[in-house]
Structures are given as structure tokens and as C-alpha cells.
Amino acid sequence: VQLQASGGGLVQAGDSLRLSCAASGRTFSSYAMGWFRQAPGKEREFVAAIGSMGVSTYHADSVKGRFTISRDNAKNTVYLQMNSLKPADTAVYYCAVRRYTGSYYVPASYDYWGQGTQVTVSS
């Protein structure tokens, strides 16, 4: 599985961005997907995850009500809609595939990772 994340950029506080993560392979719809982020000097942290069929979603408390994860299995793509962005959201955002079981909330549960896309929010 190969993942290509896109959609990052430099925005002002309060603005919106939509990240996309395109996956290769015919088994995309079989796997849960997640978004994580990593700011300089900090550990990679969970942002959001979505089940294989898009019914179950999970969001970190820090982004609830502002970010929404979704997926389009026909396009092999997962999205992260980010609204009301804050400077604290500045980070490199990574998408990842979770093929098997394990917590949605920890990076170790994910098997494949995209290259990351930079999101910078200015105040």
C-alpha cells in the first residue's frame, strides 16, 4: 500500500483546509485509516481515524468539533476537513493504514504511512 498525502499549506487562524490521502491498491476499503500529526520537538499524535466502511469515526479531543475525517472508497481516498484552524494545529500531518487490530489512537497500530503534508497556521 502506498499513500500520498496532499492539501497542506500556510493559512491564518480561523481558516480551513482539507487534506487528502490517496491510497494505491485494491484493498483500500478493507482497512481503517488514520491521520496523525507531528510538531517540531513533539511526538507524533493521533488526530482522527475512520473504519473501513466509513461508519465509525474517532477524533482527538483537541480537534473535536473542528476537524472531520471521511473517506471515499470508490476513489481510494481519505480526507481530513479542518476548520477553525489554530496556531497549535501547526504540524506535519500524516495519513496511515491500519490493516489489523489494535488501538486507533496509537501509531504502532498502523502499518503504512504517507510522506506527510505540512500545515502551518499563523496567528
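I'd like the full set of residues that are open to solvent by 30 Å² or more (accessible area, probe 1.4 Å), at pLDDT 95 or above and assigned to a strand (DSSP E or B), limited to the stretch 80-107.
Those that are open to solvent by 30 Å² or more (accessible area, probe 1.4 Å), at pLDDT 95 or above and assigned to a strand (DSSP E or B): Gln81, Val92, Tyr94.
Which members of the stretch 56-79 meet the condition of being open to solvent by 40 Å² or more (accessible area, probe 1.4 Å) and farther than 24 Å from Thr27 by Cα? Break it down stepwise before answering.
Going through the stretch 56-79, the residues open to solvent by 40 Å² or more (accessible area, probe 1.4 Å) turn out to be 56-58, 61-62, 64-65, 68, 70, 72-75.
Asp61, Ser62, Lys64, Gly65 - these are the residues of the stretch 56-79 that are open to solvent by 40 Å² or more (accessible area, probe 1.4 Å) and farther than 24 Å from Thr27 by Cα.
Residues being assigned to a strand (DSSP E or B) and either at pLDDT below 95 or out of contact with any strand residue (DSSP E or B) (no Cβ under 8 Å at 6 or more places or on another chain) (or both): count how many of those fall in the stretch 113-123. Quick ask: steps written out before the conclusion?
As a first pass, look at the stretch 113-123 and keep what is assigned to a strand (DSSP E or B): 113, 117-122.
Add one more test, that the residue is either at pLDDT below 95 or out of contact with any strand residue (DSSP E or B) (no Cβ under 8 Å at 6 or more places or on another chain) (or both), and what stays is none.
Going through the stretch 113-123 one residue at a time, the tally reaches 0.
Given the criteria of a type outside the set (Lys, Arg), under 20 Å from Val106 (Cα atoms) and part of a loop (DSSP other than H, G, I, E, B), does Gly41 qualify? Break it down stepwise before answering.
Numbers: of a type outside the set (Lys, Arg): yes; under 20 Å from Val106 (Cα atoms): yes; part of a loop (DSSP other than H, G, I, E, B): yes.
Against the criterion (of a type outside the set (Lys, Arg), under 20 Å from Val106 (Cα atoms) and part of a loop (DSSP other than H, G, I, E, B)), Gly41 qualifies.
Can you tell me which residue within the stretch 109-123, out of those that are within 15 Å of the chain's Cα centre (by Cα) and of a type outside the set (S, T, N, Q), is surrounded by the fewest Cβ atoms within 10 Å (Cβ to Cβ)?
Top of the filtered list is Asp111.
Right, Tyr58: in a strand (DSSP E or B) and either of a type in the set (Lys, Arg) or over 17 Å from Ser6 (Cβ atoms) (or both) or not?
yes
Name the residue, out of Lys86, Lys64, that is in contact (Cβ under 8 Å) with a residue 40 or more places away in the chain, closer than 21 Å to Ser122 by Cα and over 12 Å from the mean Cα position of the chain (by Cα).
On the way: Lys64 fails: in contact (Cβ under 8 Å) with a residue 40 or more places away in the chain.
Unique residue meeting the criteria: Lys86.
Pairs please, first residue from the stretch 102-114 and closer than 21 Å to Val63 by Cα, second anywhere and assigned to a loop (DSSP other than H, G, I, E, B), Cβ atoms under 6 Å, 6+ apart in sequence or on different chains.
Pro107/Arg44; Ser109/Gly102; Ser109/Ser103
The values are calculated or read from the model by the stated rules, or taken from the named source; none is laboratory data. The model shown is predicted, which means the values in this text are computed figures rather than measured ones. Neighbour counts run over all protein chains shown; Cβ positions are idealised from the backbone, glycine included. Calculation scope for accessible area: heavy atoms of the full protein, side chains included, ligands and nucleic acids excluded. Shrake-Rupley method; radii C 1.70, N 1.55, O 1.52, S 1.80 Å.
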